[in-house]
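J.: I'd like to ask some things about the structure below.
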Amino acid sequence: MNSISESFKSNPVNLDRIIPLDFKAVLKLPDSHTWSLSTADHPPTTDPFGAGSVPVIDLTDPNAVLLTRHACEQWGVFQVTNHGIPVDLLIELEFQTRRLFSLPLDQKLLAVRSPEAFTGYGLARISTFFPKLMWSEGFSITGSPMEHARQLWPHDHTKFCDVMEEYQREIGDLTERILGLMLGSLGLTRDDVRWFKPKDGRKHSQALLHLNSYPVCPDPSQAMGLAPHTDSSLLTLLHQSSTGGLQVLRDNVGWVPVHPIAGALVVNTGDLMHILSNGQFKSAMHQVLVNETHHRISIAYFYGPPGDVNISPPTKLTNHKHPPLYRPVTWKEYLDAKAMHFNKALDLIRNDVHIANR
Ligand SMILES: C=C1C[C@]23C[C@@]1(O)CC[C@H]2[C@@]12CCC[C@@](C)(C(=O)O1)[C@H]2[C@@H]3C(=O)O
Ligand SMILES: O=C(O)CCC(=O)C(=O)O
Ligand SMILES: [Fe+2]
(Lines give C-alpha, C1' and ligand atoms only; values in the text may rest on other atoms or scores of the structure.)
(Ligands and ions follow the chains in the order given, each with its own letter.)
Protein backbone atom coordinates (compact mmCIF):
# COMPACT_ATOMS: atom_id res chain seq x y z
CA MET A 1 0.00 0.00 0.00
CA ASN A 2 1.32 3.46 -0.87
CA SER A 3 0.32 5.85 1.93
CA ILE A 4 0.59 9.00 -0.19
CA SER A 5 -1.49 7.65 -3.06
CA GLU A 6 -4.12 6.20 -0.69
CA SER A 7 -4.39 9.51 1.14
CA PHE A 8 -4.82 11.51 -2.08
CA LYS A 9 -7.55 9.07 -3.19
CA SER A 10 -9.44 9.63 0.06
CA ASN A 11 -8.99 13.42 -0.07
CA PRO A 12 -9.41 14.61 -3.67
CA VAL A 13 -8.49 18.22 -4.49
CA ASN A 14 -10.58 20.58 -6.65
CA LEU A 15 -9.08 21.44 -10.03
CA ASP A 16 -9.08 25.17 -9.14
CA ARG A 17 -6.55 24.26 -6.42
CA ILE A 18 -4.42 22.21 -8.82
CA ILE A 19 -4.07 24.31 -11.99
CA PRO A 20 -1.52 27.11 -11.63
CA LEU A 21 -1.70 30.60 -13.10
CA ASP A 22 0.13 31.39 -16.32
CA PHE A 23 2.77 33.27 -14.31
CA LYS A 24 4.63 34.52 -17.39
CA ALA A 25 1.51 36.13 -18.81
CA VAL A 26 0.78 38.50 -15.90
CA LEU A 27 2.49 41.85 -15.36
CA LYS A 28 0.65 42.83 -12.16
CA LEU A 29 0.01 40.63 -9.11
CA PRO A 30 -3.65 39.50 -9.43
CA ASP A 31 -5.98 39.88 -6.42
CA SER A 32 -6.24 36.06 -6.29
CA HIS A 33 -2.51 35.99 -5.43
CA THR A 34 -2.30 39.06 -3.17
CA TRP A 35 -1.59 38.25 0.49
CA SER A 36 -1.50 40.69 3.39
CA LEU A 37 2.05 40.14 4.57
CA SER A 38 3.66 42.09 7.37
CA THR A 39 7.24 43.30 7.58
CA ALA A 40 7.87 40.37 9.95
CA ASP A 41 7.60 38.11 6.91
CA HIS A 42 10.46 39.98 5.27
CA PRO A 43 13.17 39.88 7.91
CA PRO A 44 16.59 41.42 7.38
CA THR A 45 19.14 39.02 5.93
CA THR A 46 21.59 39.88 8.72
CA ASP A 47 21.06 38.74 12.32
CA PRO A 48 20.25 41.83 14.41
CA PHE A 49 18.33 39.94 17.11
CA GLY A 50 20.95 37.29 17.77
CA ALA A 51 18.64 34.57 16.46
CA GLY A 52 21.68 32.64 15.27
CA SER A 53 21.66 30.86 11.97
CA VAL A 54 20.44 27.48 10.86
CA PRO A 55 23.05 24.86 11.89
CA VAL A 56 25.35 23.47 9.20
CA ILE A 57 26.65 19.94 9.82
CA ASP A 58 29.61 18.40 8.03
CA LEU A 59 28.62 14.73 7.80
CA THR A 60 32.26 13.66 8.11
CA ASP A 61 32.58 15.51 11.46
CA PRO A 62 33.23 13.00 14.29
CA ASN A 63 30.66 14.96 16.35
CA ALA A 64 27.96 14.64 13.69
CA VAL A 65 25.63 12.60 15.99
CA LEU A 66 25.67 15.18 18.79
CA LEU A 67 25.37 18.08 16.36
CA THR A 68 22.39 16.38 14.72
CA ARG A 69 20.64 15.92 18.05
CA HIS A 70 21.19 19.55 18.97
CA ALA A 71 19.98 20.79 15.55
CA CYS A 72 16.83 18.62 15.69
CA GLU A 73 16.01 19.65 19.26
CA GLN A 74 16.67 23.35 18.85
CA TRP A 75 15.78 24.03 15.23
CA GLY A 76 14.07 21.15 13.40
CA VAL A 77 16.09 22.20 10.37
CA PHE A 78 19.78 22.10 9.43
CA GLN A 79 22.01 22.00 6.39
CA VAL A 80 24.43 19.18 5.57
CA THR A 81 27.74 19.34 3.71
CA ASN A 82 30.08 16.54 2.60
CA HIS A 83 26.99 14.41 2.03
CA GLY A 84 28.36 12.47 -0.93
CA ILE A 85 25.76 13.40 -3.56
CA PRO A 86 27.79 14.22 -6.70
CA VAL A 87 27.76 17.93 -7.59
CA ASP A 88 27.24 17.05 -11.26
CA LEU A 89 24.04 15.22 -10.37
CA LEU A 90 22.73 18.27 -8.47
CA ILE A 91 23.56 20.48 -11.47
CA GLU A 92 21.75 18.11 -13.86
CA LEU A 93 18.80 17.89 -11.45
CA GLU A 94 18.45 21.65 -11.37
CA PHE A 95 18.86 21.89 -15.15
CA GLN A 96 16.13 19.32 -15.84
CA THR A 97 13.83 20.95 -13.29
CA ARG A 98 14.23 24.36 -14.93
CA ARG A 99 13.72 22.74 -18.33
CA LEU A 100 10.35 21.41 -17.15
CA PHE A 101 9.07 24.62 -15.57
CA SER A 102 10.25 26.76 -18.52
CA LEU A 103 7.73 25.02 -20.78
CA PRO A 104 4.61 27.01 -21.76
CA LEU A 105 1.67 26.47 -19.38
CA ASP A 106 -0.48 24.63 -21.94
CA GLN A 107 2.32 22.10 -22.39
CA LYS A 108 2.83 21.62 -18.64
CA LEU A 109 -0.91 21.05 -18.30
CA LEU A 110 -0.54 17.92 -20.47
CA ALA A 111 1.00 16.37 -17.35
CA VAL A 112 -1.39 17.90 -14.81
CA ARG A 113 -2.09 15.97 -11.58
CA SER A 114 -5.59 14.57 -11.56
CA PRO A 115 -7.80 15.35 -8.50
CA GLU A 116 -7.19 11.98 -6.83
CA ALA A 117 -3.60 11.44 -7.92
CA PHE A 118 -0.39 12.57 -6.30
CA THR A 119 2.05 12.64 -9.22
CA GLY A 120 2.30 15.20 -12.01
CA TYR A 121 2.13 18.96 -12.43
CA GLY A 122 0.12 21.34 -10.23
CA LEU A 123 -0.18 23.55 -7.17
CA ALA A 124 1.05 22.41 -3.75
CA ARG A 125 -1.42 20.28 -1.82
CA ILE A 126 -1.76 22.88 0.95
CA SER A 127 -3.35 25.43 -1.45
CA THR A 128 -6.77 24.19 -0.35
CA PHE A 129 -6.31 25.76 3.08
CA PHE A 130 -5.78 29.37 2.01
CA PRO A 131 -8.13 31.92 0.52
CA LYS A 132 -5.30 33.26 -1.67
CA LEU A 133 -3.20 31.34 -4.15
CA MET A 134 0.54 30.86 -3.87
CA TRP A 135 3.14 32.08 -6.34
CA SER A 136 4.49 28.64 -7.15
CA GLU A 137 3.95 25.46 -9.15
CA GLY A 138 5.16 21.92 -8.56
CA PHE A 139 5.74 18.51 -10.10
CA SER A 140 5.60 15.33 -8.01
CA ILE A 141 7.36 12.09 -8.85
CA THR A 142 7.64 8.69 -7.26
CA GLY A 143 9.89 6.18 -8.99
CA SER A 144 9.81 6.59 -12.76
CA PRO A 145 8.33 9.89 -14.04
CA MET A 146 8.03 8.33 -17.52
CA GLU A 147 4.25 8.48 -17.83
CA HIS A 148 4.10 12.24 -17.34
CA ALA A 149 7.47 13.08 -18.92
CA ARG A 150 6.35 11.40 -22.15
CA GLN A 151 3.38 13.77 -22.27
CA LEU A 152 5.69 16.77 -21.82
CA TRP A 153 8.38 15.68 -24.29
CA PRO A 154 7.09 12.84 -26.52
CA HIS A 155 10.53 12.34 -28.13
CA ASP A 156 12.91 13.75 -25.57
CA HIS A 157 12.11 12.54 -22.06
CA THR A 158 14.86 9.96 -21.46
CA LYS A 159 17.39 12.29 -19.90
CA PHE A 160 14.79 13.84 -17.57
CA CYS A 161 13.68 10.38 -16.41
CA ASP A 162 17.26 9.11 -15.97
CA VAL A 163 18.26 12.13 -13.86
CA MET A 164 15.14 11.96 -11.65
CA GLU A 165 15.57 8.22 -11.08
CA GLU A 166 19.30 8.50 -10.37
CA TYR A 167 18.65 11.34 -7.91
CA GLN A 168 15.97 9.35 -6.08
CA ARG A 169 18.45 6.48 -5.62
CA GLU A 170 21.18 8.76 -4.28
CA ILE A 171 18.97 10.94 -2.09
CA GLY A 172 17.16 7.84 -0.79
CA ASP A 173 20.47 6.39 0.47
CA LEU A 174 21.49 9.72 2.00
CA THR A 175 18.10 10.21 3.66
CA GLU A 176 18.40 6.79 5.30
CA ARG A 177 21.92 7.65 6.47
CA ILE A 178 20.66 10.88 8.05
CA LEU A 179 17.63 9.12 9.55
CA GLY A 180 20.09 6.63 11.09
CA LEU A 181 22.02 9.58 12.57
CA MET A 182 18.85 11.10 13.99
CA LEU A 183 17.66 7.83 15.54
CA GLY A 184 21.14 7.10 16.89
CA SER A 185 21.29 10.58 18.42
CA LEU A 186 18.14 9.70 20.40
CA GLY A 187 19.92 6.60 21.71
CA LEU A 188 17.80 4.27 19.56
CA THR A 189 19.11 1.07 17.99
CA ARG A 190 17.86 -1.25 15.22
CA ASP A 191 15.94 -3.20 17.86
CA ASP A 192 14.02 -0.10 18.90
CA VAL A 193 12.97 0.82 15.34
CA ARG A 194 12.55 -2.55 13.63
CA TRP A 195 10.80 -1.24 10.54
CA PHE A 196 13.83 0.86 9.59
CA LYS A 197 15.80 -1.31 7.17
CA PRO A 198 18.23 0.94 5.32
CA LYS A 199 19.88 -0.32 2.14
CA ASP A 200 17.17 -2.96 1.71
CA GLY A 201 16.40 -1.91 -1.85
CA ARG A 202 14.08 0.76 -0.40
CA LYS A 203 11.32 -1.86 -0.41
CA HIS A 204 9.97 -0.71 2.89
CA SER A 205 9.96 3.06 3.15
CA GLN A 206 7.85 5.38 1.04
CA ALA A 207 8.93 8.64 -0.51
CA LEU A 208 7.96 11.44 -2.85
CA LEU A 209 10.21 13.68 -4.95
CA HIS A 210 8.63 17.10 -5.37
CA LEU A 211 10.03 19.75 -7.73
CA ASN A 212 9.08 23.31 -6.69
CA SER A 213 9.17 26.35 -8.97
CA TYR A 214 8.80 29.96 -7.80
CA PRO A 215 8.62 32.15 -10.91
CA VAL A 216 9.80 35.76 -10.98
CA CYS A 217 7.08 37.83 -9.30
CA PRO A 218 5.89 41.40 -10.10
CA ASP A 219 5.24 42.23 -6.41
CA PRO A 220 7.08 39.94 -3.97
CA SER A 221 6.10 42.07 -0.96
CA GLN A 222 2.50 40.83 -1.30
CA ALA A 223 3.03 37.35 -2.71
CA MET A 224 3.56 34.02 -0.96
CA GLY A 225 5.71 31.32 -2.59
CA LEU A 226 4.78 28.53 -0.20
CA ALA A 227 2.62 29.31 2.84
CA PRO A 228 3.75 28.42 6.38
CA HIS A 229 3.60 24.68 7.02
CA THR A 230 5.46 21.80 8.63
CA ASP A 231 6.34 18.73 6.56
CA SER A 232 4.25 15.61 7.13
CA SER A 233 7.21 13.30 6.59
CA LEU A 234 9.70 11.70 8.99
CA LEU A 235 12.29 13.90 7.35
CA THR A 236 12.64 15.90 4.13
CA LEU A 237 15.86 16.56 2.22
CA LEU A 238 15.82 19.69 0.10
CA HIS A 239 18.09 20.99 -2.62
CA GLN A 240 17.54 24.72 -3.07
CA SER A 241 18.99 26.71 -5.94
CA SER A 242 21.34 29.61 -5.21
CA THR A 243 18.33 31.93 -4.82
CA GLY A 244 17.16 32.35 -1.22
CA GLY A 245 13.55 32.57 -0.04
CA LEU A 246 13.15 29.71 2.43
CA GLN A 247 12.54 30.82 6.02
CA VAL A 248 12.08 28.91 9.26
CA LEU A 249 10.04 30.13 12.24
CA ARG A 250 11.98 30.39 15.53
CA ASP A 251 10.22 30.71 18.88
CA ASN A 252 10.48 34.25 20.26
CA VAL A 253 12.41 35.42 17.20
CA GLY A 254 10.30 35.16 14.05
CA TRP A 255 11.24 34.10 10.54
CA VAL A 256 14.91 33.27 10.02
CA PRO A 257 16.29 32.80 6.48
CA VAL A 258 17.84 29.48 5.42
CA HIS A 259 20.65 30.91 3.30
CA PRO A 260 21.62 28.78 0.30
CA ILE A 261 25.09 27.22 0.63
CA ALA A 262 26.48 25.89 -2.65
CA GLY A 263 26.29 22.09 -2.67
CA ALA A 264 24.68 21.82 0.79
CA LEU A 265 21.30 20.15 1.33
CA VAL A 266 18.64 21.30 3.80
CA VAL A 267 17.20 18.70 6.19
CA ASN A 268 13.75 19.28 7.73
CA THR A 269 12.60 17.20 10.66
CA GLY A 270 9.00 16.29 9.82
CA ASP A 271 5.87 15.81 11.93
CA LEU A 272 6.30 12.02 12.11
CA MET A 273 9.80 12.44 13.57
CA HIS A 274 8.37 14.86 16.14
CA ILE A 275 5.87 12.13 17.11
CA LEU A 276 8.49 9.35 17.11
CA SER A 277 10.89 11.40 19.28
CA ASN A 278 8.01 12.10 21.70
CA GLY A 279 8.33 15.82 21.08
CA GLN A 280 12.10 15.98 21.56
CA PHE A 281 12.68 16.92 17.91
CA LYS A 282 10.99 20.00 16.50
CA SER A 283 9.04 19.91 13.26
CA ALA A 284 9.96 23.35 12.00
CA MET A 285 7.35 25.69 10.56
CA HIS A 286 8.70 27.08 7.29
CA GLN A 287 7.60 29.22 4.35
CA VAL A 288 9.00 30.45 1.05
CA LEU A 289 9.02 34.04 -0.22
CA VAL A 290 9.56 34.96 -3.85
CA ASN A 291 11.51 37.69 -5.62
CA GLU A 292 11.35 40.04 -8.57
CA THR A 293 14.42 38.97 -10.50
CA HIS A 294 15.24 35.28 -10.06
CA HIS A 295 13.22 32.19 -10.88
CA ARG A 296 13.81 30.06 -7.76
CA ILE A 297 13.55 26.29 -7.80
CA SER A 298 13.90 23.66 -5.10
CA ILE A 299 13.67 19.89 -5.01
CA ALA A 300 12.22 18.22 -1.91
CA TYR A 301 12.42 14.51 -1.05
CA PHE A 302 9.75 13.55 1.50
CA TYR A 303 10.57 10.31 3.30
CA GLY A 304 8.13 8.30 5.39
CA PRO A 305 7.81 4.85 6.96
CA PRO A 306 6.32 1.72 5.35
CA GLY A 307 2.54 1.89 5.01
CA ASP A 308 1.72 -0.64 7.73
CA VAL A 309 3.89 0.91 10.46
CA ASN A 310 2.35 2.73 13.40
CA ILE A 311 4.62 5.60 14.37
CA SER A 312 4.94 6.06 18.12
CA PRO A 313 7.86 6.71 20.46
CA PRO A 314 9.86 3.56 21.33
CA THR A 315 9.48 2.66 25.03
CA LYS A 316 13.06 3.87 25.65
CA LEU A 317 11.86 7.43 25.07
CA THR A 318 8.89 7.33 27.42
CA ASN A 319 8.34 6.84 31.15
CA HIS A 320 5.70 7.84 33.69
CA LYS A 321 6.97 11.42 33.67
CA HIS A 322 7.11 11.48 29.88
CA PRO A 323 4.15 9.44 28.60
CA PRO A 324 3.60 9.28 24.81
CA LEU A 325 2.45 12.72 23.69
CA TYR A 326 0.61 11.41 20.62
CA ARG A 327 -1.40 8.33 19.80
CA PRO A 328 0.23 5.92 17.30
CA VAL A 329 -0.49 6.76 13.64
CA THR A 330 0.35 5.29 10.26
CA TRP A 331 1.64 7.71 7.62
CA LYS A 332 -1.66 7.37 5.72
CA GLU A 333 -3.67 8.23 8.86
CA TYR A 334 -1.46 11.21 9.49
CA LEU A 335 -1.64 12.43 5.86
CA ASP A 336 -5.44 12.12 6.04
CA ALA A 337 -5.50 14.20 9.24
CA LYS A 338 -3.22 16.76 7.59
CA ALA A 339 -5.37 16.83 4.42
CA MET A 340 -8.43 17.61 6.56
CA HIS A 341 -7.04 19.73 9.39
CA PHE A 342 -3.68 20.99 8.06
CA ASN A 343 -1.62 22.65 10.82
CA LYS A 344 -4.03 21.40 13.52
CA ALA A 345 -3.33 17.74 12.67
CA LEU A 346 -0.68 17.27 15.35
CA ASP A 347 -2.89 18.79 18.05
CA LEU A 348 -5.72 16.47 17.07
CA ILE A 349 -3.69 13.33 17.67
CA ARG A 350 -2.20 14.60 20.95
CA ASN A 351 -3.09 12.25 23.78
CA ASP A 352 -4.21 14.95 26.24
CA VAL A 353 -6.54 16.52 23.63
CA HIS A 354 -7.91 13.08 22.91
CA ILE A 355 -8.59 12.43 26.61
CA ALA A 356 -10.07 15.92 27.11
CA ASN A 357 -12.53 15.26 24.27
CA ARG A 358 -13.91 12.06 25.76
C1 LIG B 1 3.90 13.22 1.35
C2 LIG B 1 3.41 14.42 1.24
C3 LIG B 1 4.11 15.64 1.72
C4 LIG B 1 3.23 16.73 1.13
C5 LIG B 1 1.86 16.14 1.24
C6 LIG B 1 2.11 14.77 0.62
O7 LIG B 1 1.07 13.89 0.90
C8 LIG B 1 2.31 14.92 -0.89
C9 LIG B 1 2.64 16.34 -1.30
C10 LIG B 1 3.65 16.98 -0.35
C11 LIG B 1 3.73 18.49 -0.50
C12 LIG B 1 4.74 18.95 -1.54
C13 LIG B 1 4.74 20.50 -1.59
C14 LIG B 1 4.75 21.13 -0.20
C15 LIG B 1 3.70 20.45 0.72
C16 LIG B 1 3.55 21.20 2.02
C17 LIG B 1 2.41 20.28 -0.06
O18 LIG B 1 1.52 21.07 -0.13
O19 LIG B 1 2.43 19.08 -0.73
C20 LIG B 1 4.10 18.99 0.89
C21 LIG B 1 3.25 18.11 1.81
C22 LIG B 1 3.60 18.04 3.27
O23 LIG B 1 4.77 18.00 3.69
O24 LIG B 1 2.63 17.98 4.05
O1 LIG C 1 11.29 25.61 -1.69
C2 LIG C 1 11.72 25.46 -0.55
O3 LIG C 1 12.79 25.93 -0.19
C4 LIG C 1 10.93 24.69 0.48
C5 LIG C 1 9.93 23.75 -0.11
C6 LIG C 1 9.12 23.08 0.93
O7 LIG C 1 9.02 23.51 2.05
C8 LIG C 1 8.37 21.86 0.58
O9 LIG C 1 8.40 21.44 -0.61
O10 LIG C 1 7.73 21.29 1.50
FE1 LIG D 1 8.08 22.03 3.37
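The values are calculated or read from the model by the stated rules, or taken from the named source; none is laboratory data. Given the structure is predicted, the values throughout are model-derived calculations rather than measurements. Cβ sites come from the backbone with ideal geometry, for glycine too, and all protein chains shown count toward neighbours. Accessible surface areas use protein heavy atoms only, side chains included; no ligands, DNA or RNA. Shrake-Rupley method; radii C 1.70, N 1.55, O 1.52, S 1.80 Å.
J.: So how much accessible area does T119 have, in Å² to the nearest 10, using a 1.4 Å probe?
T.: So the heavy atoms of T119 present about 30 Å² to solvent.
J.: Between the helical axis of 87-101 and the dominant principal axis of the chain, each derived from Cα atoms, what acute angle in degrees is found, rounded to the nearest 10?
T.: It is inclined by approximately 50 degrees.
J.: Right, next: For helix 331-341, report the angle its Cα long axis makes with the longest principal axis of the Cα atoms of the chain; keep it between 0 and 90° and round to the nearest 10°.
T.: 60 degrees
J.: Cross-link list K199/K332; K199/K316; K108/K159; K108/K344; K159/K203; K9/K132: which exceed 28 angstrom alpha carbon to alpha carbon?
T.: Where the Cα-Cα span goes over 28 Å, the pairs concerned are K108/K344.
J.: With r defined as the distance between the Cβ atoms of Q74 and H155 and R0 fixed at 56 Å, what FRET efficiency is calculated, to the nearest 0.05?
T.: The calculated FRET efficiency here is 0.65.
J.: Please give me, ordered by residue number, the trypsin sites (Lys or Arg not before Pro) of the range 149-238 that lie in loop per DSSP and have at most 16 other Cβ atoms within 10 Å.
T.: Qualifying residues, ordered by number: R190, R194, K199, K203.
J.: Something else: Just by accessible area at a 1.4 angstrom probe, what is the order of V56, V309 from largest to smallest?
T.: V56, V309
J.: Right, another one. Rounded to the nearest 0.05, what FRET efficiency do E165 and V87 give with R0 = 25 Å and r taken as the Cβ-Cβ distance? Could you check?
T.: 0.85
J.: Compute, for H341, the solvent-accessible surface of its heavy atoms (probe 1.4 Å) with the complete set of protein chains present, and express it in square angstrom to the nearest 10.
T.: Per-residue accessible area (H341): approximately 90 Å².
J.: Another one. Rounded to the nearest 0.05, what FRET efficiency do A25 and N343 have when you use their Cβ-Cβ distance and R0 = 45 Å?
T.: So, using R0 = 45 Å, E works out to roughly 0.90.
J.: Oh, and also: Can you pull out the chymotrypsin sites (Phe, Trp or Tyr not before Pro) in the range 126-198 that DSSP calls coil and that have at most 14 other Cβ atoms within 10 Å?
T.: W195
J.: Tell me which aspartates and glutamates have Cα within less than 15 Å of K321's Cα, excluding those fewer than 8 residues away on the same chain?
T.: Within reach: D352.
J.: Sticking with this one: Given an 8 Å cut-off on Cα distances and at least 6 residues of separation, report the relative contact order of the range 195-270 as a percent.
T.: Reported relative contact order: 28 percent.
J.: Between V267, V54, V193, where does the largest GNM mean-square fluctuation fall for the chain, given springs only between Cα atoms within less than 10 Å?
T.: V193
J.: Mind giving me the nanometre distance, one decimal, between the label points for T243 and F130, set 7 Å out from Cα along Cα→Cβ?
T.: 1.7 nm
J.: Roughly how tilted is helix 158-185, in degrees to the nearest 10 and between 0 and 90, from the longest Cα axis of the chain?
T.: Roughly 20 degrees, rounded to the nearest 10.
J.: List residues of the range 303-344, by number, whose backbone nitrogen lies under 14 Å from a label position 7 Å along Cα→C-beta of D352.
T.: Once the point is set 7 Å along Cα→Cβ of D352, 321-327 turn out to lie under 14 Å by backbone N, inside the range 303-344.
J.: Once ligands and nucleic acids are excluded and a 1.4 Å probe is used, how much of L265 is accessible, expressed in Å² to the nearest 10?
T.: Rounded to the nearest 10, that gives 0 Å².
J.: Counting only protein chains, not ligands or nucleic acids, how are V248, V216 ordered by accessible area (probe 1.4 Å), most first?
T.: V216, V248
J.: Choose one answer from V26, V80, V288: the residue with the largest mean-square fluctuation in a GNM of the chain with alpha-carbon springs under 10 Å.
T.: Evaluated over the chain, the most mobile residue of the options is V26.
J.: Relative contact order of the range 118-247, please, whole-number percent, based on alpha carbon pairs below 8 angstrom and at least 6 residues apart.
T.: Computed value for the range 118-247: 34 percent relative contact order.
J.: Mind checking which of G180, G254, G307 has the largest fluctuation in a GNM of the chain, springs on alpha carbons under 10 Å?
T.: G254
J.: Measuring with a 1.4 Å probe in the full set of protein chains, what accessible area per residue, in whole Å², belongs to the chain?
T.: Per-residue accessible area for the chain comes out at 45 Å².
J.: Report the residues of the range 227-251 in range of a label on S53: point 7 Å along Cα→C-beta, backbone N strictly under 20 Å from it.
T.: Under cut-off, by backbone N: 238-251.
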